[in-house]
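Peer 1: Shown below is the structure under consideration.
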Amino acid sequence: MPARKPSIGGNWKMNLDTAGVKALTGDLLKVLDTSIADTVDVTVFPPFPYLAPVAGALCDAGSQLQVGAQDAWATPNGAFTGEVSLSMLKDVGVSTVLVGHSERRHVIGESDELVNEKLLAALDAGFEVVLAIGEKLEQRESGKTNLVNIGQTCLGLAGTTAQQMAKVTLAYEPVWAIGTGKTATPQDAQDAHLAIRQAVGSLHGEDVANALRIQYGGSMKPGNAADLLAQPDIDGGLIGGAALSADDFAAIVRAAS
Ligand code: PEP
């Protein structure tokens with residue numbers, strides 16, 4: 001099985017202001033040793049208005065930290081009021097696009113088809129893509145965890161080629177664990193990750209599945225990161241709340257390294 005380089009994302013969601021973004025970026029540059037990039041891929045996902053300044057600050061500092069967008073619109077520039085295109089994201093130094101976050105799916109109402117459209121467009125435009133999937137509490141309680149995750153994986157990845165999969169990371173984020181302080185047990189998370197990897201194997205073959213990185217997201221913190229990351233199919237994390245503290249985020253990155 002190929003070794004998978006761990007990958008950690010920090011989703012800042014709709015938080016912070018100019019001063020807060022500047023402070024957090026500066027703190028991350030202080031606490032994260034530049035050599036960390038040799039062992040872990042680290043991406044931060046600031047809100048849209050702060051993508052350019054964060055990308056600029058990281059570039060000026062010679063940092064290997066990547067900048068990701070929390071979402072993107074699939075079609076090119078034009079009459080899509082309120083949306084942000086992939087070419088705009090590329091223009092301001094974004095390398096990665098997150099699609100299908102549970103808040104996009106369940107608060108904004110995005111369908112699997114729209115998530116898939118965004119993923120394909122972002123891959124076509126040369127971005128790294130993180131596809132987030134995960135079951136709701138009632139789905140877990142009714143025994144549908146794998147069914148939901150496999151469905152979202154297959155629909156989200158529809159139309160991808162095996163070659164494109166080198167630019168895709170999955171993020172398994174049980175909806176009931178996001179921002180709630182509740183975390184899946186390492187074994188429950190491992191079971192879900194294995195089922196997701198097997199689903200990717202049936203879509204694209206074993207080599208692609210074995211090379212795919214699957215992050216865990218849902219209240220990952222410095223105190224639980226090591227146990228989650230020790231699981232054989234957990235290759236990193238997508239971090240929300242703890243990504244707003246440079247020290248906590250750096251502790252998680254170090255746990256992955
Ligand atoms: C997230 O926003 O993707 C997330 C996992 O949030 P939290 O870590 O706060 O649960």
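Peer 1: In whole percent, and with a 1.4 Å probe on the protein chains, what portion of the accessible area of region 31-242 is carbon and sulfur?
Peer 2: Its accessible area is 54 percent carbon and sulfur atoms.
Peer 1: Roughly speaking, what is the centre-to-centre gap between region 107-182 and region 7-83 when only Cα atoms are used, to the nearest Å?
Peer 2: Computed from Cα coordinates, the inter-centre distance equals 21 Å.
Peer 1: When every alpha-carbon pair in region 13-112 is counted, what percent end up more than 16 Å apart?
Peer 2: 60 percent
Peer 1: Share of Cα-Cα pairs in region 109-196 beyond 15 Å, in percent?
Peer 2: 59 percent
Peer 1: Which value, in Å³ per residue, describes the convex hull spanned by the Cα atoms of region 182-257?
Peer 2: Once divided by residue count, the hull of region 182-257 is 82 Å³.
Peer 1: Any idea what log10 I(q)/I(0) is at q = 0.13 Å⁻¹ for the chain, Debye with uniform C-alpha scatterers and no solvent?
Peer 2: Values, matching the q order: -0.76.
Peer 1: Please give the per residue accessible area of region 1-66, computed with a probe of 1.4 Å over protein heavy atoms only, in Å².
Peer 2: For region 1-66, the per-residue accessible area is 51 Å².
Peer 1: Let me ask another. With every protein chain kept in place and ligands, DNA and RNA left out, what is the accessible area per residue of region 96-186? Probe 1.4 Å, answer in Å².
Peer 2: Per-residue value: 41 Å².
Peer 1: List the residues whose amide H sits under 5 Å from the amide H of Trp12, counting only those 5 or more places along or on another chain, with H placed 1.01 Å from N in the peptide plane.
Peer 2: Distant-sequence amide H within range of Trp12: Phe45.
Peer 1: Suppose a student asked you for the relative contact order of the chain, using Cα pairs under 8 Å spaced at least 6 residues apart; what percent would you report?
Peer 2: 22 percent
Peer 1: For every helix of n ≥ 4 consecutive DSSP H residues, a contribution of -39,500 (n - 2.57) applies; sum these over the chain, divide by its total residues, and give [θ] at 222 nm rounded to the nearest 500 deg cm²/dmol.
Peer 2: Here the helix-only value at 222 nm equals -12000 deg cm²/dmol.
Peer 1: Taking only Cα atoms and a 10 Å spring cutoff, compute GNM fluctuations for the chain and point out the largest among Gly100, Gly201, Gly236.
Peer 2: Answer for the Gaussian network model of the chain: Gly201.
Peer 1: Using the per-residue mean of other Cβ atoms lying within 10 Å as a proxy for protection, in what order, highest first, do the peptides 180-193, 239-252 fall?
Peer 2: 239-252, 180-193
The values are calculated or read from the model by the stated rules, or taken from the named source; none is laboratory data. Quick caveat, the model's predicted, so the values are computed rather than measured. So basically every Cβ, Gly included, is an ideal-geometry build from the backbone, and we count neighbours across all protein chains shown. Just the protein is used for accessible areas: all its heavy atoms, side chains included, with ligands, DNA and RNA removed. Shrake-Rupley method; radii C 1.70, N 1.55, O 1.52, S 1.80 Å.
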